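Undergrad: Got a structure here, written out as structure tokens. Questions coming.
The values are calculated or read from the model by the stated rules, or taken from the named source; none is laboratory data. Keep in mind that what you see is a predicted model, and the values were worked out from it rather than measured. Note: ideal-geometry Cβ built from the backbone for every residue, glycine included; neighbour counts use all protein chains shown. Surface accessibility is based on the protein's heavy atoms, side chains included, excluding ligands, DNA and RNA. Shrake-Rupley method; radii C 1.70, N 1.55, O 1.52, S 1.80 Å.
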Amino acid sequence: MHFHDCFVRTRGFSWDVPAGRRDGRISLASETRDIPPPFFNLDQLTQSFANKGMTQEEMVTLSGAHSIGRAHCTSFSSRLYNFSTTSRQDPSLNPLYAAQLKQQCPRDPQGSIDPNLVVQMNTSPSLLDPSYYADIQVRRGLFTSDQALQTSPATVTLVNAYATNGVLWQSKFIQAMVKLSQIGVLTGSDGEIRSNCRVINS
Ligand code: HEM
């Protein structure tokens, strides 16, 4: 394995991934079925990562990627407006944060939400950093799946460790990303080795 070529870089930190992986020539949004839905609870999340050979600890570690990017309102709006029969708003969501999200994701008079509306995942959406874990501690996890990390002693311990020790999180995150990059690699003559990891060969 040669650790060079595909250099993944954000403003936060960067790492090398093993080069020479065979990838598919087709990438479809409709085929990203391996990503668990945002309403999964902790057991469901743990199981879906286990199905890919990833541990619960790695799942908690990789969830920190939600410190960057954006999400469509429709991915979490049930937490704001129609959570359950007893509580319209998810009680595990910080009320101030919920109020802010409702402003960003308003319902029209028919009760629907514009499917194109997006919000930032985090206050620093272009910086890959451990702020995700501090957000979780104050019930500012955007998805049910984010807040689910506060529902077991083992995952709470990890969230607390990562919130206070960013260097620990960063090193675990890099290890888990390298492991993740080795999952589902094509073999034999399937797919191709990309000369640029982001695009199919022309
Ligand atoms: C733990 C289970 C996970 C769930 C349930 C989940 C779910 C989601 C959902 C629903 C979105 C927003 C999609 C949208 O509304 O546009 C999202 C975005 C994102 N996820 Fe995850 N995810 C998970 C794990 C991961 C992992 C392991 C990574 C990477 C290591 C990751 C990185 C991202 C990034 C970077 C975005 C933002 C994308 C953008 O800005 O367009 N997620 N995730």
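Undergrad: Any idea how many residues of the stretch 47-63 are under 25 Å from Gly166 (Cα atoms) and surrounded by 17 or more Cβ atoms within 10 Å (Cβ to Cβ)?
TA: Residues meeting the conditions: 9.
Undergrad: Are any residues in the stretch 95-123 open to solvent by 30 Å² or more (accessible area, probe 1.4 Å) and under 22 Å from Gln150 (Cβ atoms), and if so, which ones?
TA: Pro95, Leu96, Ala99, Gln100, Lys102, Gln120, Thr123 - these are the residues of the stretch 95-123 that are open to solvent by 30 Å² or more (accessible area, probe 1.4 Å) and under 22 Å from Gln150 (Cβ atoms).
Undergrad: Open to solvent by less than 50 Å² (accessible area, probe 1.4 Å), without any contact (Cβ under 8 Å) to a residue 12 or more places away in the chain and either over 22 Å from Pro36 (Cα atoms) or not in a loop (DSSP other than H, G, I, E, B) (or both): does that describe Ser87?
TA: So Ser87 passes the test.
Undergrad: Let me ask something additional. Is there a residue in the stretch 105-117 that is within 13 Å of the ligand (Cβ to nearest atom) and in contact with a Lys or Arg (Cβ under 8 Å, 6 or more places away or on another chain)?
TA: Looking for residues that are within 13 Å of the ligand (Cβ to nearest atom) and in contact with a Lys or Arg (Cβ under 8 Å, 6 or more places away or on another chain), one finds at least one in the stretch 105-117, hence yes.
Undergrad: Output yes when any residue across the stretch 31-52 is free of Cβ contacts under 8 Å to residues at least 40 places away in the same chain, assigned to a strand (DSSP E or B) and not polar (S, T, N, Q), and no when none is.
TA: The answer is no, given that none of the residues of the stretch 31-52 is free of Cβ contacts under 8 Å to residues at least 40 places away in the same chain, assigned to a strand (DSSP E or B) and not polar (S, T, N, Q).
Undergrad: Same structure again: Report yes if Thr74 is near the ligand (Cβ under 9 Å from one of its atoms), among the β-branched types (Val, Ile, Thr) and not in a strand (DSSP E or B), otherwise no.
TA: Yes: the conditions hold for Thr74.
Undergrad: Can you report the number of residues in the stretch 126-152 which are free of Cβ contacts under 8 Å to residues at least 60 places away in the same chain and surrounded by fewer than 15 Cβ atoms within 10 Å (Cβ to Cβ)?
TA: Adding up the residues that qualify gives 1.
Undergrad: Of all residues in the stretch 161-183, how many are within 18 Å of Leu45 (Cα to Cα) and loosely packed, with under 14 Cβ neighbours inside 10 Å?
TA: 1
Undergrad: Can you tell me which of Asn94, Asn82 is in contact (Cβ under 8 Å) with a residue 40 or more places away in the chain and more than 15 Å from the ligand (Cβ to nearest atom)?
TA: Just one listed residue meets the conditions, Asn94.
Undergrad: Out of Leu186, Leu158, I need the residue that is away from the ligand (no atom under 15 Å from the Cβ), open to solvent by less than 70 Å² (accessible area, probe 1.4 Å) and not small (Gly, Ala, Ser). Which one?
TA: Just a single option satisfies the conditions, and that option is Leu186.
Undergrad: Looking at the stretch 99-188, what helices (runs of 4 or more DSSP H) fall wholly within it and have at least 3 residues that are at pLDDT 95 or above and hydrophobic (A, V, I, L, M, F, W, C)?
TA: Here the list reads 153-164, 166-181.
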